[in-house]
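Comments concern the structure below.
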Amino acid sequence: MTNKKILLSGVKPTGRPHIGNYFGAMKQFVDLQDEYEARVFIADYHAITTVQNAEELSRSTMDVALDYLAIGVDPSKTLLFKQSDVPEVCELGWIFNCITTMPYLMRAHAYKDAEAKNKEINVGLFDYPILMAADILIQDADAVPVGQDQKQHVEYARDIAEKFNRVFGDTFKLPNPYILEHVKIIPGTDGQKMSKSHGNTIPLFATDEEIKKAVMGIPTNSQGVDEPKNPELDHVFALHKHFADKDEIAEIERRYREGGMGYKESKDILISNITRFIAPLREKRKEFEKDEESVKKMLKENGAKAREIAITKMSQIKRSVGL
Ligand code: TYM
């Protein structure tokens, strides 16, 4: 046991993570793993709200584990585990279901978006915030690093903790979202929030070809090379902010505003910067890919540790409820 505050977060194994997932959340897992007692997981129970194919789910789960390792999540510092190795989160989810009202869950952005798009909404998707609250509260998390789109979910976890404490007595800590202003919404290649469902992503481990294709596909206006341009209105420039250093950004901005920087040149610079950033991550991932067996073993061992923590918390929770 340490006096460090507890950090907890997760990523869903639903296809390849993109640079929005990385800058918005995953990078913080790495940057904060010394300062916090870090617990990071693969949200495979959450993934089955959409991924309903055994082979695909288990492949994506291993892939997210490899992604975490490749970006520098260090299992000697971070408790890295699979959500389903802690089935107590489902048990706690049930208890939370019983103190949460339907209208409250119906106000969740993710639910409202799905409804607005006339999607078929399974009960798991509707209940998503409850399971997420269980993930967070069963681990006594203080800080939950996420992107802006998950802020409401962390607030739900906080509300649910308060409600539980009010009904059953003081049992849970109140968690806080940890959101960095400059990366809270990473834009995709079309300027909207980068998201797998928008088809506007740049995968975190993209090949050189994929990077080129994604950047070349960014829509730009018809202004010629010499015309002055407003960088704030350009989707290419929005991405420069995350891949160029300060001086280079200032220089690109100056040339946009004065005229003389065409979109082709701007895209070439972006391709070269993204490639320089991603190439070493890809190399590191290849190293871990060689030995999936030890990754599985690590997940199993860590899963057992995370479960032990959850079981201890669960016995306190059950006492509070009278189970
Ligand atoms: P997931 O896998 O959908 O997203 C992982 C993280 O990436 C962030 N993110 C972004 N950040 C900035 N800009 C973007 N364009 C962008 N797109 C995605 C998300 O905000 C998220 O932090 N529900 C979680 C998984 C989860 C979880 C938890 C997280 C389940 N239980 C408990 C924290 C604590 C999710 O959305 O994952």
One residue from 214, 206 being part of a loop (DSSP other than H, G, I, E, B) and crowded, with 20+ Cβ neighbours inside 10 Å: 206
query: Can you name the number of the only condition in (1) free of Cβ contacts under 8 Å to residues at least 40 places away in the same chain; (2) within 9 Å of the ligand (Cβ to nearest atom) that residue 17 fails?
result: (1)
task: Could you please let me know if residue 173 is of a type outside the set (A, V, I, L, M, F, W, C) and surrounded by 15 or more Cβ atoms within 10 Å (Cβ to Cβ)?
output: yes
field: Among residues of region 1-51, those that are more than 14 Å from residue 141 (Cβ to Cβ) and among the aromatic types (Phe, Trp, Tyr), counted
entry: 3
- prompt: In region 221-277, what count of residues is obtained for those that are of a type in the set (Val, Ile, Thr), closer than 20 Å to residue 187 by Cα and without any contact (Cβ under 8 Å) to a residue 60 or more places away in the chain?
  reply: 4
message: Testing residue 201 on (1) closer than 27 Å to residue 134 by Cα; (2) buried (at least 18 other Cβ atoms within 10 Å of the Cβ); (3) modelled with pLDDT of 95 or more; (4) not small (Gly, Ala, Ser), one condition comes back false. Which one is that?
response: (1)
- request: Could you tell me which of the residues 140, 127 is surrounded by 14 or more Cβ atoms within 10 Å (Cβ to Cβ), at positive phi and not basic (Lys, Arg)?
  value: 140
- line: So the helices (runs of 4 or more DSSP H) completely within region 92-190 holding 1 or more residues that are closer than 24 Å to residue 308 by Cα, in contact (Cβ under 8 Å) with a residue 24 or more places away in the chain and within 14 Å of the ligand (Cβ to nearest atom) are 128-138, 151-168
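The values are calculated or read from the model by the stated rules, or taken from the named source; none is laboratory data. Just so you know, these numbers come straight off a predicted model, no measurement behind them. Counting neighbours? That spans all protein chains shown, and the Cβs are built from the backbone with ideal geometry, glycine included.
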